[in-house]
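Worksheet: the structure to be examined is printed underneath.
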Amino acid sequence: MSGTLRKLINREVIVAVTFVTIGFIALFLFFDFVDELQWIRRNGNNYQLRHAIQFALLQIPAHVYELLPITVLIGTVFVMARLAESSEFTILRTSGLGPWRALKQLLGLGLSFALLTLAIGDYVAPAADKGGQMIKAKYQGLLTTGLTGAWLREKQPERNVTVNVGNMAADGQLVVLRIFEFDDQGHVTALTRAKKATIQDDQWLLTDAAITRFATSVPIQNSKTLASFAVADIEVGFVAKREVLATSTFVTSISADMVAAALLKPERMRTLDLWNYTRHLKANGQASQQFEIAFWRKVFYPVGCIVMVILALPFAYLHFRSGGITGYVFMGVLIGISFFLLNNMFGYIGNISDWEPWVAAAIPSSLYLAISLSGFAWLVFRR
């Protein structure tokens, strides 16, 4: 009997969640495609209609990852409410489906959805998003962020290094970069400019590199001065040596994933890559709050699927009039959207207020878990 009940509920919920997910994805796919139309042949680039379609399709995994907790809630609410409306759930209860057994049944289903969310968010979505960005970089122009590109810092045994990457090409090469070397007092000892760089294991292969070393360290006051720093700003007496090399190597532990993290959205990175990047930022004295929150959100976000199925269970214990199911499904939509908005809002609040990253990431799931368990206890044991 238990196997039959499990198959019945699992089949109904999976079909409903799949249907709702497909509906949302179709809507987002249309919006993404329409948004990409503005870039076709813009400013003489080679971005065509087929590239816009490819980019929109490659955004689907990321949307599935973002939508799964919402669609799991909506689909499960629909199934639970429909079973209650048709009195099927009442029959199941009289057949031995008690509250804790029903909760255990949905917890197993929620865990399956959580694992699916984790797999999509950690493997499928990052690869697809990177592929989409590379398409845009290839046909629209180079991938960059802001006006000055990406900035990364690294502490090495005998020096401190700050790297400025202007752009990233579609083949993964770094374009237009500057490497600043500092002494222990924070003075610039060398400046390297290169047109391109290829990342190879623990070193970068620089192309057309101009290296300027200074006999006397040059003080740099702040990051604004650093961004506009040029060799021409230095008096001739300070310059020890300047050389131009067709190729040169730069030994560093800064990986391609770290550069991509600085250029792409942290939410689209793999959990392990985010963890390694936050460790790198901490080890080199850089602000890591934003990426730590993004890491913990990646950890807690799949748990939202478990919370959502618990939140949907009380709907099975409600009493419906004819046609009343529509209002409860709409309520499920609102609850799911509010979870998504609250999850994003606490990420920004935690970053601004300097909260513990795991606290900022865990609050939405914890809040909705408390609400769902309270509603379940009230409907089952107090009514």
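The values are calculated or read from the model by the stated rules, or taken from the named source; none is laboratory data. None of the values given here were measured: they were computed from a predicted structure. With ideal geometry, Cβ positions are generated from the backbone for all residues, glycine too; neighbour counts draw on all protein chains shown.
Hey, any hits in the range 25-39 for a residue that's modelled with pLDDT under 80 and either assigned to a loop (DSSP other than H, G, I, E, B) or among the acidic types (Asp, Glu) (or both)? Step through it out loud before you land on a result.
Applying the first criterion (modelled with pLDDT under 80) to the range 25-39 yields none.
No, the range 25-39 contains no residue that is modelled with pLDDT under 80 and either assigned to a loop (DSSP other than H, G, I, E, B) or among the acidic types (Asp, Glu) (or both).
Got at least one residue in the range 105-117 being outside any helix (DSSP H, G or I), over 18 Å from the mean Cα position of the chain (by Cα) and of a type outside the set (A, V, I, L, M, F, W, C)?
Of all residues in the range 105-117, those outside any helix (DSSP H, G or I) come to none.
There is no residue in the range 105-117 that is outside any helix (DSSP H, G or I), over 18 Å from the mean Cα position of the chain (by Cα) and of a type outside the set (A, V, I, L, M, F, W, C).
Output yes when any residue across the range 44-66 is surrounded by fewer than 21 Cβ atoms within 10 Å (Cβ to Cβ), modelled with pLDDT under 85 and polar (S, T, N, Q), and no when none is.
Yes, the range 44-66 contains at least one residue that is surrounded by fewer than 21 Cβ atoms within 10 Å (Cβ to Cβ), modelled with pLDDT under 85 and polar (S, T, N, Q).
Looking at the range 63-104, which of the residues that are not in a helix (DSSP H, G or I) and not polar (S, T, N, Q) is farthest from LEU341 (Cα to Cα)? Outline the logic, then answer.
At the first step, the residues of the range 63-104 found to be not in a helix (DSSP H, G or I) are 86-87, 95-98.
Now narrow it down to the ones that are not polar (S, T, N, Q): 96-98.
Numbers: GLY96: 38, LEU97: 34, GLY98: 34 Å.
Filtering first and then ranking leaves GLY96.
Within the range 246-280, count every residue that is touching a strand residue (DSSP E or B) at 6+ places or on another chain (Cβ under 8 Å) and modelled with pLDDT of 80 or more.
Residues flagged as touching a strand residue (DSSP E or B) at 6+ places or on another chain (Cβ under 8 Å) and modelled with pLDDT of 80 or more within the range 246-280 amount to 9.
Do we find a residue being under 28 Å from TRP100 (Cβ atoms) and within 28 Å of the chain's Cα centre (by Cα) anywhere in the range 337-357? Steps first, answer last, please.
Looking only at the range 337-357, we keep the residues that are under 28 Å from TRP100 (Cβ atoms), and these are 338-339.
Right, trim to within 28 Å of the chain's Cα centre (by Cα) and you get 338-339.
Yes: one or more hits.
Each row is one residue, and each column tells you yes or no for (1) more than 21 Å from LEU245 (Cα to Cα); (2) outside the structural domain of ILE306 (by TED's automatic domain parsing); (3) modelled with pLDDT under 80.
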| residue | (1), (2), (3) |
| --- | --- |
| LEU111 | yes, no, no |
| LEU116 | yes, no, no |
| THR145 | yes, yes, yes |
| ASN164 | no, yes, no |
| GLY172 | yes, yes, yes |
| VAL175 | no, yes, no |
| GLU181 | no, yes, no |
| GLN185 | yes, yes, yes |
| THR192 | no, yes, no |
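Residue by residue through the range 287-329, note down the ones that are among the polar types (S, T, N, Q), at pLDDT 75 or above and either in contact with a strand residue (DSSP E or B) (Cβ under 8 Å, 6 or more places away or on another chain) or within 26 Å of ALA84 (Cα to Cα) (or both). Reasoning before the result, please.
Kept after step one, since they are among the polar types (S, T, N, Q), are these residues of the range 287-329: 288-290, 322, 326.
Adding the requirement that they be at pLDDT 75 or above leaves 288-290, 326.
Selection gives THR326 alone.
Does the range 219-226 contain at least one residue that is at pLDDT 75 or above, assigned by TED's automatic domain parsing to the domain that holds ARG242 and not small (Gly, Ala, Ser)?
Just the residues of the range 219-226 that are at pLDDT 75 or above, to begin with: none.
Within the range 219-226 (the criterion being at pLDDT 75 or above, assigned by TED's automatic domain parsing to the domain that holds ARG242 and not small (Gly, Ala, Ser)), the answer is no, since none of the residues qualifies.
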